[in-house]
Structure formats: structure tokens, C-alpha cells
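Asks: One structure coming up, written as C-alpha cells, with questions to follow.
None of the figures in this text is laboratory data; all of them are computed from the coordinates on show. Not measured: the values here are computed from a predicted model. Glycine also receives a Cβ, built like all others from the backbone with ideal geometry; neighbour counts cover every protein chain displayed.
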Amino acid sequence: MHHTKQRARLRKVPATYQAHHTAKVGMGRAQAALDSTLLSDLAWLWDTVAEPVLRTLDEKRPPAGERHRIWWCPTGWLSFFPLHAAGHHDGSGRSVLDRTVSSYAPTLRALAEATRLREPEPTGTDRLLVVAVREADGMAPLPQVAEELRLLREVFGEERLTLLEGPEANRTAVLSQLATHRWVHFSCHGRQNPLDPAQGGLLLSDGTLGIGELSRGSYRGDFAFLSACMTASGGLSLSDEAITIGAALHYSGFRRVVAALWSIDAEIATELARDVFCSLMEDGLFRPRRSAGAVTEAVTRLRNQNPEHPSRWAAFTHIGP
């Protein structure tokens, strides 16, 4: 009976999250119902998955002042859950966010490959590729695009940005520039089809840059920030196969990827981007190797501001070493 109830829950919750993907964030009672579901799920994930794992890890405690470093590699229905945010978010400290630095591994092989590759030292001359598409066919304009451009100009300086904006942000140009940049920031719409996840992608000026096109690339990237909806979301029918936009970039050679499990609030996405990019830039050097910790800290700050609204902060994930 216990296992039957767990299976029923695993089948029900992804449908709840997927339904939210098609709704506007912040719609009164529907939003409150989603947050209530999420809080219940996060507590359940802590009790049944995360806390037993951490109890075992606590037998080898990290050095004082440090957190456990964890990579989650979920399969099946668990791949829809925000394991990095599991917990009782009531100030008790019983949460993954309070005790670990978490990342995801689409596959163990991909993580091992990303870890094995030699990481170049940061320089003060490398450029950030920025793909900014405020308006895409059939989609509402994205208000955060202009704000994120201002943020990135503040952090990197105009001279260290390669900007593809509006019509210039087309599939051919983006794929070409990905081959020559170690870092990329996408500020655009993301699309995922839960019934056919291979049809998901990023909405550019001339159409969708699909998961298949991204995964066929061969890049030497260090960091990709996807300020776009549903970029860490896979499909209901192929949940074991990690067919997501974020995973596609990771497979193609970008070691570290920040992505979102569901539709994200524009202002919150910009706030998270500000925290992460400012944290990783030090003395003019951008250090993405610290990105997992930066994302964890940024999400924790958002959680502390809105603990009762996990739909606003639990979606953001980190992929890679």
C-alpha cells in the first residue's frame, strides 16, 4: 500500500506542474493552490528522499562552514521534482537548500565528461554571448529582456558582450556564435511539449532553436544561463531520457547550465540572474566554476523572501560540476 501511494503521487504531481506551465504565473487562487501543492511535495521529498540521503552523508561531515556537494540524477517521474528544494521551509533548517550545494546530472556519463575536461583559467578579455529576443511569434513580449541587458552591461561592460538581439538572434547566428564563446546568456521564451519533448526549444527571431539542433553541437563552453521558461523540463512519455533544453546544451559541451523546471516570473528571473552574475564576477574575472554555489545562494535568498511561494524560487536548477 505504501509503495502504491507513492506511485500514485509520482504520477499525479508532474501533471499538476505541467498544467501550471500553460497558466500565467500569479493568478490568485490557482497560484495559491500551486504553492500549496509545491510546499506539500517539497516536504514529502525531504521526508522520503532527501533526508535519508543526507543522514547517510552526515556520517562524513564536510569541513566546518562548508556544505555537502550533491549531484542529483533522477529518472522517471522523479525527474519532474525540484529535489534541490526538498524540505520543510519553516525556518527549521530541514531543507536541501540549507544543507547542501546541489546540481543535476542528466546522465552520469555527461557529468563525468564535463568534470574530466580541463578548465581554462579566467581572463579579463573573454566575451559573454547574449541572445536577447523580447518578442517571438505568437508569444507575449518579455519585459525582463531589457533589464537583463542592462544588468549584463553593468557586470561585463559593453566591450565584453557579443549581443544578438531582435532579428540578429536567429538560429544560424546563434549556433555559429556558440562555437566561439565559452559563456552564453539566453533571455527569451522557452517552449516544451510534455508529450513530445524533442520538439522543445528556445524561441528565436526566426523560429525555434530545437533540442535536437542544440544537442548535435560540439562546443567548449563553460557556462550557460537560460533565462527562459521550462528549460529543465522534460516529457511525460520519455521521463527517463533527460530530453530538456538545458540538458541538450550540457550534452553539446557547456559544462554548467542554469535552467528552470517550469514557467518563471520575469522579475524573479532577473533578480536571480543579477545575484548569480554578480557573485561570479570578481576583480574583472568571471569564474563559472563557482556557479553551483552561486545559484544555491541566490535561490536561498529568494526562498527566504517568499518561503510560502515556492513557485517563485524552486524552479531554478544548476546542471553540471
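Asks: Tell me which trypsin sites (Lys or Arg not before Pro) from the stretch 97-132 have a DSSP coil assignment and no more than 11 other beta carbons within 10 Å of their own.
Replies: Those satisfying the criteria are ARG118.
Asks: With θ set to phi - 60°, apply the Karplus curve 6.51 cos²θ - 1.76 cosθ + 1.60 along the stretch 247-258 and write out the HN-Hα couplings as whole Hz, x wherever there is a Gly or Pro.
Replies: With the stated coefficients, the stretch 247-258 comes to 5, 4, 5, 5, 4, 7, x, 8, 4, 10, 9, 9 Hz.
Asks: With +1 on each Lys and Arg Cβ and -1 on each Asp and Glu Cβ, and nothing else charged, work out how big the dipole of the chain is about its Cα centre, in Debye to the nearest 20.
Replies: Using Cβ point charges on Lys, Arg, Asp and Glu, the chain gives about 880 debye.
Asks: Further question: Using the Cα centre of the chain as origin and beta-carbon charges of +1 (Lys, Arg) and -1 (Asp, Glu), tell me which of ALA32, TRP183, ALA146 is placed farthest towards the positive end of the dipole.
Replies: Farthest along the dipole direction, towards plus: ALA32.
Asks: Using r as the Cβ-Cβ distance of CYS73 and GLU267, and R0 as 25 Å, what FRET efficiency do you calculate, to the nearest 0.05?
Replies: That pair, CYS73 with GLU267, gives E of 0.20.
Asks: List the chymotrypsin sites (Phe, Trp or Tyr not before Pro) within the stretch 286-321 that DSSP assigns to loop and that have no more than 14 neighbouring Cβ atoms inside 10 Å.
Replies: Those that pass, being in a loop and sparsely packed, number zero.
Asks: May I pose another question? Helix 291-305 versus the longest principal axis of the chain: what is the Cα-based angle in degrees, 0 to 90, to the nearest 10?
Replies: It is inclined by approximately 60 degrees.
Asks: Right, something else. Report, as a whole number in µm² per second, the diffusion coefficient that Stokes-Einstein gives for the stretch 44-189 at 25 °C and 0.890 mPa s using the Kirkwood radius over alpha carbon pairs.
Replies: The Stokes-Einstein estimate is 130 µm²/s.
Asks: If the chain between MET281 and LEU161 were fully stretched, how many nm would it gain, using 0.36 nm times the residue separation less the Cα-Cα distance?
Replies: Roughly 41.8 nm would be gained on extension.
Asks: Still on this structure: Angle, helix 2-21 long axis vs. longest principal axis of the chain, Cα atoms, 0 to 90°, nearest 10?
Replies: Tilt of helix 2-21: around 30 degrees.
Asks: Given an 8 Å cut-off on Cα distances and at least 6 residues of separation, report the relative contact order of the chain as a percent.
Replies: 19
Asks: Along its three principal axes, how long is the stretch 169-321 when you only count alpha carbons? Whole Å, largest extent first please.
Replies: Principal-axis extents of the Cα atoms in the stretch 169-321, largest first: 37, 36, 28 Å.
Asks: So for the chain, taking the charge dipole from beta-carbon charges (+1 Lys/Arg, -1 Asp/Glu), which of VAL53, ALA294, THR162 sits furthest toward the positive end?
Replies: Farthest towards the positive end: VAL53.
Asks: Along the charge dipole of the chain, which of ALA112, PRO194, GLY221 sits closest to the positive end, that is, farthest toward it, with unit charges on the beta carbon of Lys, Arg, Asp and Glu (+1, +1, -1, -1)?
Replies: Of the candidates, ALA112 comes out farthest on the positive side.
Asks: Let me ask something additional. I need the trypsin sites (Lys or Arg not before Pro) found in the stretch 172-266, filtered to DSSP loop residues with at most 12 other beta carbons within 10 Å of theirs.
Replies: ARG216
Asks: Something else now. Roughly how many nanometres apart are two label points built 7 Å out from the Cα toward the Cβ at THR56 and ASN193?
Replies: Computed distance between label sites THR56 and ASN193 equals 3.9 nm.
Asks: For the chain, what are the per-bin percents of Cα-Cα distances with bins 10 Å wide, up to the bin holding the maximum?
Replies: Taking every Cα pair in the chain, the percentages come to 6, 28, 38, 22, 6, 0, 0.
Asks: Relative contact order for the stretch 205-321 using alpha-carbon pairs under 8 Å, separation at least 6, rounded to a whole percent?
Replies: The normalised contact order for the stretch 205-321 reaches 28 percent.
Asks: Just to be sure I understand: with springs between alpha-carbon atoms less than 10 Å apart, which residue in LEU209, LEU129, LEU175 has the highest mean-square fluctuation in the Gaussian network model of the chain?
Replies: Ranking LEU209, LEU129, LEU175 by mean-square fluctuation puts LEU175 first.
Asks: Right, something else. What per residue convex hull volume, in Å³, do the alpha-carbon atoms of the stretch 68-138 yield?
Replies: Residue-normalised Cα hull volume stands at 237 Å³.
Asks: Determine ³J(HN,Hα), in whole Hz, for all residues of the stretch 204-212 in sequence, where each value follows from phi through the Karplus function 6.51 cos²θ - 1.76 cosθ + 1.60 and θ = phi - 60°; x replaces Gly and Pro.
Replies: 9, 5, 10, x, 8, 7, x, 4, x
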